[in-house]
Amino acid sequence: MLKHRVFAAVTLLEVALLVVLVLHCNARRQRESASVIPANRHLARQLELTDLAIWTEARYTRHPSQADRFAPFQDLPSSLEHFPAGSVVPPPERAPEPGRGSR
Amino acid sequence: MTATASTLIATEGVTKVYNSRRPDETVAVAGVSMEVGQGEVVVLKGPSGSGKTSLLSLVGCMARPTSGRIVVDGRDVAKLAESVLTEVRRQTFGFIFQQFNLIPGLSVIENVSLPLVPVTIGLADMRHRAEGVLRRLELGAKARRKVRQLSGGEQQRVAIARALINEPEVVVADEPTAHLDRALSEELLVILAELNREGRTVIVATHDPLVYEHPFVTRVLAMRDGRIETAS
Amino acid sequence: MQRFKILEYALSSLGRRKGKHLSIIAVYAFTISVLASILLLSHALREEASAILADAPHVVVQRISAGRHDLISTDIIDPVRQIPGVGEVRPRYWGYYFDGITGANYTVLGIDDRRTVELELLEGALPEAPGECAVGGGVSELREAGIGDELVLVDSRGVGVIFEVVGAFRSESNLLTNDLVVMSNADVIEFFDLPQNRATDLSVEVFNPKEVQTVAAKIKVLYPDTRPITRSEIIRTYDAVFHWRSGMVLMVFFSALIAFCILAWDKATGISAEERREIGILKAIGWSTSDVLELKFWEGAAISVTSFLLGLIAAFVHVFLLDAPALAAVVKGWSVLFPQFRLTPSLNLYQIFVMGFLTVVPYVASTVIPSWTAAITDPEEVMRA
């Protein structure tokens, strides 16, 4: 079999597989958008949750949206970040306070 | 210099300098003027370093001269654009290299077909032509073998087949008998003579007397230090 | 027709060094799968965070003391309620619990036990009586505490307190509830020995979402030692965490990019003598410069496109079918409890396209460009060299 035909066939197969995966993901997305997402949203509303429960190693990684600026420096103001997740979670953005410029 | 009606290739004061303005500057060809007529068998004879390979390369459009003119079929090739020169090289010349210059990882038929790959001709046609040329050179049965599995003489014939696939007007051979024994050399000369009988012009660079003393040779140009010393 | 023949020869050419090129494809595809995985995961997390936190409290009011989050007085609830546009103002009681047995941190959350709430993602019920709790999937698994079991936590006085598990959150809610221990507000106050009239923070309802900033500003003016956090800030936090130009994503992205650059650099630093000779031969037998460059283009494209597609497929399967186990291990850090990333698939085609561009184009360029000099040189010179 000619190599360029094999190559074309393999490439098409890969693209087809990708399309199937994308379609599968889309279908799942639509299903979950109609069920799981609204249920979670309702849960968050009822329990008044503000953060995702991903990094539980420190309070400013568990509740990044609620973290104060003190928490990462609680051990020593010049201490290096020692929680791995702390290096991936940036400090939360704050809207500019009225009359005081940004942050 | 007046070109005769059957002159195919003519050079006028052609010079080739390598590594110009450097300590290892070499003048390989020094102001050579010569002609090759249609259907001739011309041999460039001379020792190693005489410039015959360089002159062959210039005449075969494989290199551009440092100065001078090279006229092929009425066209000054030194001035041609690269793509046009490539076309001339492809259509007019079939080059047989001293080292064969086959691609070792490819099969015989793949090597032979290489010149036709960029040409507008279908895969099936390409294969058909390659098989035809291989049969002619008695290599039909070995078409699918890798070239490195062939003997020296067989590889030489593959190189010839590749040079012929474009049906060139001119066959150019650089030291074709360098890696062959006497028997194979004589076989090669039979092939070259046959090609000449078909109407092709043959130009050979060699220092092998078996070649330049062969009866099918029309003219011998003796070279030394980049110049033509004698013509016979 | 010409193109197919040159492609055919390019593939033959690659096939002559099968081992080497297959290794390149493997490494390249792996690099791309790492890059793509991180992009897919972060994008999906971002979308999911925006979706499920869309109904987070309008404003959360914290008290700041010496730069630290401190407990807030519940006496300010009524004055805040008087601000025009404000609806309910509720005290929130929550905190962290370090479990010495497992080394995990839980979030202890209080709820108003007078409220009856239907939750689809909760098996059993929310705590209503003292001594009852509902737990998240991670806690339940770690402490082997399901509905009907007991959960013993040590309070701030060092006394073990027994809670009866009356509810367990389903796995579909792990992203929100994995480490939660939910109990009544009274239990939280008792457990942490919180001072009277003090809460962790306040949640403020604003009738008109467009007035949230105004209300937050007014609260800040009224109580300068507080910090109001609005819902949009909460969502923006997760936008930033999972944005592909920052933090976790950038870290992994950068490492993978460096690996890729090393690969491309090795190719770009020049072609071998054998390759140069081959180009010379091709030119000698009648190939033009553009034919040679096209050959190199196809060689580069065949490898990079194949690797890109394989890498992308692997990333999809890894993130959306297998729940990103490899990435989770990297992203997890020191968290003992970590939710499974069973995310709603979400694609950002722009990101995928950019990634494709950034990986395929440089590789093709690093294949074509080094061949340039040989391709434009007279064949005789190339073969002499």
Exercise. Would you compute, from DSSP H runs of 4+ residues alone, the mean residue ellipticity of the protein assembly as shown at 222 nm, taking -39500 (n - 2.57) per run and dividing by the full residue count, rounded to the nearest 500?
Key: -14000 deg cm²/dmol
Exercise. With an 8 Å cut-off on Cα pairs and a minimum separation of 6 or more residues, tell me the relative contact order of chain C in percent.
Key: 28
Quiz prompt | Residues with amide H under 5 Å from that of B:G226, placed H, sequence gap 5 or more | solution = B:G51
Quiz item: Over the C-alpha atoms of segment C:287-338, what are the Rg and the largest Cα-to-Cα span, Dmax, in Å?
Solution: 19.4, 63
Exercise. Just need the Rg to Rh number for chain C, please, alpha carbons only, Kirkwood Rh.
Key: 1.18
Quiz item: In segment B:123-232, what % of DSSP beta bridges are antiparallel (nearest 5)?
Solution: 45
Quiz item: Out of the DSSP beta bridges found with both residues in the protein assembly as shown, what percent are antiparallel (nearest 5)?
Solution: 65
Quiz item: Can you give the angle from 0 to 90° between the axis of helix C:247-268 and the longest principal axis of chain C, with both taken from C-alpha atoms, to the nearest 10?
Solution: 10
Quiz prompt | segment B:131-221: equivalent-ellipsoid semi-axes (sqrt of 5 x gyration tensor eigenvalues, Cα, Å) | solution = 22, 16, 10
Self-check item: For segment C:88-231, diffusion coefficient by Stokes-Einstein and Kirkwood Rh (Cα), 25 °C, 0.890 mPa s, µm²/s
Solution: 150
Quiz prompt | Rg in Å to one decimal, and Dmax rounded to a whole Å, for segment B:55-102 via C-alpha atoms | solution = 10.9, 32
Self-check item: Residue-wise HN-Hα coupling along segment B:93-104, computed from phi with Karplus coefficients 6.51, -1.76, 1.60 (Hz; x: Gly, Pro)
Solution: 10, x, 9, 10, 8, 4, 8, 6, 6, 8, 8, x
Exercise. Quote the relative contact order of segment B:1-152 in percent (integer), defining contacts as alpha-carbon pairs under 8 Å separated by 6+ residues.
Key: 19
Quiz item: If all Cα-Cα distances of the protein assembly as shown are sorted into 10 Å bins from 0 onward, what percent lands in each bin, rounded to whole numbers?
Solution: 3, 12, 17, 15, 10, 8, 8, 8, 8, 6, 3, 1, 0
Exercise. Provide the per-residue ³J(HN,Hα) series for segment C:214-221, in order, calculated from phi with Karplus coefficients 6.51, -1.76, 1.60 and θ = phi - 60°, each as a whole number of Hz, with x at glycine and proline positions.
Key: 4, 4, 4, 5, 5, 4, 4, 5
Quiz item: Taking θ as phi - 60°, what are the ³J(HN,Hα) couplings along segment C:293-300 by the Karplus curve (6.51, -1.76, 1.60), each to the nearest whole Hz, with x for Gly and Pro?
Solution: 5, 5, 4, 5, 4, 5, 4, x
Exercise. Taking 7 Å along the Cα-to-C-beta vector as the label spot, tell me the C:E190-C:L349 distance in nanometres, rounded to one decimal.
Key: 5.8
Self-check item: Hull-based mean projected area of segment C:277-380, where the convex hull spans the alpha carbons, in square nanometres
Solution: 9.1
Exercise. Evaluate segment B:118-158: find the radius of gyration of its Cα atoms, find its Kirkwood radius, and give the ratio Rg to Rh.
Key: 1.03
Practice problem: Taking amide H positions as placed in the peptide plane 1.01 Å from N, state which residues far from C:T226 in sequence (5 or more) or on other chains have amide H under 5 Å from it. | Solution: C:I64
Quiz item: Among C:P127, C:F98, C:G87, whose Cα sits farthest toward the positive end of the charge dipole of segment C:87-141 (+1 at Cβ of Lys/Arg, -1 at Cβ of Asp/Glu, about the Cα centre)?
Solution: C:G87
Quiz item: Using only Cα atoms, what is the ratio of the radius of gyration of segment B:1-130 to 2.2 N^0.38 Å?
Solution: 1.21
Exercise. Under a cut-off of 25 Å between alpha-carbon atoms, report the lysines in cross-link reach of C:K267, not counting same-chain residues fewer than 8 places apart.
Key: A:K3, C:K5, C:K18, C:K20, C:K283, C:K296
Quiz item: Given C-alpha coordinates of segment C:337-379, what is the ratio Rg to Rh with the Kirkwood estimate of Rh?
Solution: 1.42
Quiz prompt | For C:E132, distant residues with modelled amide H under 5 Å away | solution = C:E164, C:S184
Quiz item: What percentage of all Cα-Cα pairs in segment C:15-171 are separated by more than 20 Å?
Solution: 69
Quiz item: So for segment C:47-87, Kirkwood radius off the Cα pairs, Stokes-Einstein at 20 °C and 1.002 mPa s: how many µm² s⁻¹?
Solution: 169
Quiz prompt | Buried accessible area, chains C and A (both chains, 1.4 Å probe, Å² to nearest 100) | solution = 7000
Quiz prompt | Angle in degrees between helix B:82-92 and the longest Cα principal axis of chain B, rounded to the nearest 10 | solution = 70
Exercise. Quick one: angle between helix B:152-164 and the longest Cα principal axis of chain B, in degrees between 0 and 90, rounded to 10, please.
Key: 70
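The values are calculated or read from the model by the stated rules, or taken from the named source; none is laboratory data. A quick note: this is a predicted structure, and the numbers were derived from the prediction, not measured. Reconstructed Cβ throughout: ideal geometry from the backbone, glycine too, with neighbour counts over all protein chains shown. Just so you know, the surface numbers come from the protein's heavy atoms only, side chains and all, with ligands and any DNA or RNA stripped out. Shrake-Rupley method; radii C 1.70, N 1.55, O 1.52, S 1.80 Å.
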